[in-house]
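Please treat every number below as a calculation from the coordinates, not as lab data. What you see is a predicted model, and the numbers here were worked out from it, not measured in a lab. Ideal geometry is used to build each Cβ from the backbone, glycine not excepted, and the neighbour counts take in all protein chains shown.
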Amino acid sequence: MLKVTKAVFPVAGLGTRFLPATKASPKEMLPIVDKPLIQYAVEEAIAAGITEMIFVTGRSKRAIEDHFDKSYEIEAELEARNKQKLLDLVRSIKPANVDCFYVRQAEALGLGHAVLCAEKLVGDSPFAVILADDLLHSSKPVMSQLVDTFNHYHSSVIGVETIAREDSRSYGVVDGREWEDNVIKLSGIVEKPAPDNAPSNLGVVGRYVLMPTIFKHIRALKPGAGGELQLTDAVQSLLTEEQVLAYRYFGTRFDCGSKLGYLKATVEFALRHPEVKEEFEAYLHAYMRAHTQGNTQENPESLETQYTAEAA
Ligand code: G1P
């Protein structure tokens, strides 16, 4: 049976929406509480049984390579100070059975082009694509849901969710008919259509399991939406030759490519984080109380005082 053991992470994007934070450091290294976005993405791949991580990087993305590499300095320091817990945490970032590979995308020519850069490393096997900007939270990691679907149907699977029609310009949108619960047989897919031209209200999220036959279709691409080589257009071409499925995952998505989505993720993950959840929740309550009582003084100190008084 074809097994999904490889994942491609396109991480060459400039992250202009997060300037100035992303001027010198990759947007994928932005933390949600204490863990960078790219690590959440890699952990999701590991949970799905994937062991080969292929990063399609660009200039000024070295921090990603360093993050998944051994840090002698930090490890030596933590060892010397007997900080075993932190040492285990740092060492667990890249489990021993996981390998990381890096390939450069010299020019930002689009998601299709980024995936094509990984072709030689992927070879002739089905593979996952994970966009770290889309942070997905679920009781069963979303890539595992996709891999299970792939294992069942042996065809490419694309993660989708219900979107508001007026948001169609931000997504690839699929056309097709519901085949089984949450599984849609694709008859078409279009990148960032205007709401009036959107074939459905099912938008593509940044999770794919693709057959290697996709590469042939990417190579034949002409620039599409935004003048870029779009993975969506290659999928449209692929489905003229073989079956492609969309899978409506269960879970919550945070669009961490936008400031608002990033902030929502920060709040939600902080409320689950064992170290800070209680105090953070208390803080949020105090904040909401202060504001709903019409106490809208813009003096953060007063809130801090109120909160500290309540916590005491
Ligand atoms: C990419 C894809 C799009 C998909 C989206 C999900 O767009 O091209 O089809 O819906 O990711 O996040 P981007 O957000 O990179 O413009």
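Using the Cα atoms of region 159-237 to build a convex hull, what is its mean projected area in square nanometres? It would help to have the intermediate numbers written out before the result.
Working: hull surface 20.9 nm².
Projected over every direction and averaged, the Cα hull of region 159-237 covers 5.2 nm².
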Sites removed, the longest contiguous part of the chain containing no DSSP-loop GluC sites (Glu not before Pro) with at most 12 other Cβ within 10 Å is 108-240
Counting other C-beta atoms within 10 Å, and keeping those with at most 15, which DSSP coil chymotrypsin sites (Phe, Trp or Tyr not before Pro) do you find in region 185-293? Phe250
In bins 10 Å wide, starting from 0, what share of all Cα pairs of region 80-148 does each bin hold, as a percent? 13, 31, 36, 15, 5
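Scaled to the compact-protein estimate 2.2 N^0.38 Å, what is the alpha-carbon radius of gyration of region 222-276, rounded to two decimal places?
Working: Rg = 17.7 Å, N = 55, 2.2 N^0.38 = 10.1 Å.
Computed over Cα atoms of region 222-276, the ratio equals 1.75.
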Over all Cα pairs of region 46-109, how is the pair count split among 10 Å bins, expressed in % and running from 0 up to the last occupied bin? 18, 40, 30, 10, 1
What is the projected area of the convex hull of the Cα atoms of region 200-298, averaged over all directions, in nm²? 11.0
Over region 1-154, equivalent-ellipsoid semi-axes from the Cα gyration tensor in Å: 26, 21, 15
In angstroms, what radius of gyration and Dmax does the chain have, counting Cα atoms only? 21.3, 66
Listed by chain and number, the aspartates and glutamates with an alpha carbon less than 15 angstrom from that of Lys222, same-chain partners under 8 positions apart left out, are Glu191, Asp233
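In region 204-280, which trypsin sites (Lys or Arg not before Pro) are in a loop and have at most 12 other Cβ atoms within 10 Å, using DSSP for the loop call?
Values: sites: Arg207, Lys216, Arg219, Arg248, Arg253, Lys259, Lys264, Arg272, Lys277; in loops: Arg272.
In loop regions of region 204-280 (DSSP not H, G, I, E or B), the sparsely surrounded trypsin sites (Lys or Arg not before Pro) are Arg272.
So in the chain, what percent of DSSP beta bridges are antiparallel if you round to the nearest 5? Before the final figure, lay out the partial values.
On the way: 27 of 45 bridges.
Bridges in the chain that DSSP calls antiparallel: roughly 60 percent.
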